[in-house]
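The values are calculated or read from the model by the stated rules, or taken from the named source; none is laboratory data. Treat the numbers as computed from the prediction; the structure is a model and nothing was measured. Cβ placement follows ideal geometry from the backbone for every residue including glycine, while neighbour counts extend to all protein chains displayed.
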Amino acid sequence: MSENKNRKSSGWRLQEISYPSYCSELAELVGIMLGDGSIYGSTRNNKLVTHQVTIVGDSVKDRDYLTKYVTYLFQYLFGIQPSYYYSKCSNALYVKVRYKKLLEYLLSIGLKFGNKIKSQVTIPNWIWQDDNYLRACIRGLYDTDGSIYELLPHWPGLFQLSFDNRNMTLLQDVRKALLHLGFKVSNICAPKTDKTPKIYITRKAEVRKFFEEIGFSNPKHYRKVQKAFPNISACNSPVVQWSNFDS
């Protein structure tokens, strides 16, 4: 897949898209959008005149994830090619799609316009109807707003998973989903400082279970799990399925 350090205009003027049925890939994209995505549009005379779907990440750490895997999801689900934009004033990489029908479709399946904290957008009802959808959505959320790290210097070899978000409704629902899927997860830690509220998965067996049952599509997380569990089977991780994509 090619990329450009400037805006890529290829394809965004085309209006037709594919309309997927509910599936795990769509649920994962919803999780990605709930994490690092945004939907913006403006209206004139009650008609949508501008429209943009954006997903943002680190231009170094998330580069492969955004330009390969997230791009694949848009191609697979909707038959469209996103454009990329590297910020000149930060290390951000933006994936952008300007298809009116895509925006309308994403709104129809439970996502919302604008500020996600103000709207308190959360996991759509249809995803709760299938545990496979729920796992995929959680994977998208953790790939974007989650982290995995070794508890150094005090507990070498012990890794912790955390998920933080200022949307309290979403944070509560992520915890609810993990409990439903059989994980032992902490209560919501909401410090009185400006730090973002978060939840944790700490037990070694639970971290391993997360990798085996939910997995990661973002290679920056996948590599850390490999460090934590060097002998673990990677067959269930989506990273393995797309790691041979053309660069």
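Summary of computed values
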| item | result |
| --- | --- |
| Criterion (crowded, with 21+ Cβ neighbours inside 10 Å and either in contact with a Leu (Cβ under 6 Å, 6 or more places away or on another chain) or aromatic (Phe, Trp, Tyr) (or both)) met by exactly one of Tyr105, Tyr99 | Tyr99 |
| Pairs, first without any contact (Cβ under 8 Å) to a residue 60 or more places away in the chain in region 103-119, second in a loop (DSSP other than H, G, I, E, B) and not hydroxyl-bearing (Ser, Thr, Tyr), C-beta under 7 Å, six or more apart | Ile117/Arg166; Ile117/Asn167; Ser119/Lys112 |
| Looking only at region 122-168, and only at residues there that are of a type in the set (Val, Ile, Thr) and within 14 Å of the chain's Cα centre (by Cα), the one that is nearest to Gly37 (Cα to Cα) | Thr144 |
| Some residue of region 20-29 being touching a Gly at 6+ places or on another chain (Cβ under 9 Å), surrounded by 12 or more Cβ atoms within 10 Å (Cβ to Cβ) and either modelled with pLDDT under 50 or of a type outside the set (Gly, Ala, Ser) (or both) | yes |
| Ile148 being of a type in the set (Val, Ile, Thr), in contact with a Cys (Cβ under 7 Å, 6 or more places away or on another chain) and buried (at least 21 other Cβ atoms within 10 Å of the Cβ) | no |
| Residue in region 71-84 that is aromatic (Phe, Trp, Tyr) and over 29 Å from Leu178 (Cα atoms) present | yes |
| Flag if Phe211 is of a type in the set (Phe, Trp, Tyr) and in a loop (DSSP other than H, G, I, E, B) | no |
| Candidate set from region 90-118 (those that are within 15 Å of Ser18 (Cα to Cα) and hydroxyl-bearing (Ser, Thr, Tyr)); member that is modelled with the lowest pLDDT | Tyr99 |
| Matching residues, region 142-166, being touching an Asp or Glu at 6+ places or on another chain (Cβ under 9 Å) and either among the hydroxyl-bearing types (Ser, Thr, Tyr) or farther than 18 Å from Lys227 by Cα (or both) | Thr144, Asp145, Ser147, Phe163, Asp164, Asn165 |
| Residues being closer than 17 Å to Phe211 by Cβ and buried (at least 17 other Cβ atoms within 10 Å of the Cβ) - total across region 121-143 | 10 |
| Filter result for Asp143 (touching a residue at least 12 places away in the same chain (Cβ under 8 Å), closer than 13 Å to Leu29 by Cα and of a type in the set (Asp, Glu)) | yes |
| Members of region 199-215 found to be of a type outside the set (Val, Ile, Thr) and surrounded by 20 or more Cβ atoms within 10 Å (Cβ to Cβ), listed by number | Phe210, Phe211, Gly215 |
| Positions within region 49-93 being aromatic (Phe, Trp, Tyr) and either touching a Phe, Trp or Tyr at 6+ places or on another chain (Cβ under 7 Å) or closer than 24 Å to Gly146 by Cα (or both), in sequence order | Tyr65, Tyr69, Tyr72, Phe74, Tyr84, Tyr85, Tyr86 |
| Residue match in region 174-184 (condition: of a type in the set (A, V, I, L, M), modelled with pLDDT under 95 and more than 17 Å from the chain's Cα centre (by Cα)) | no |
| Filter result (exposed (fewer than 12 other Cβ atoms within 10 Å of the Cβ) and either acidic (Asp, Glu) or at pLDDT 95 or above (or both)) within region 30-47 | none |
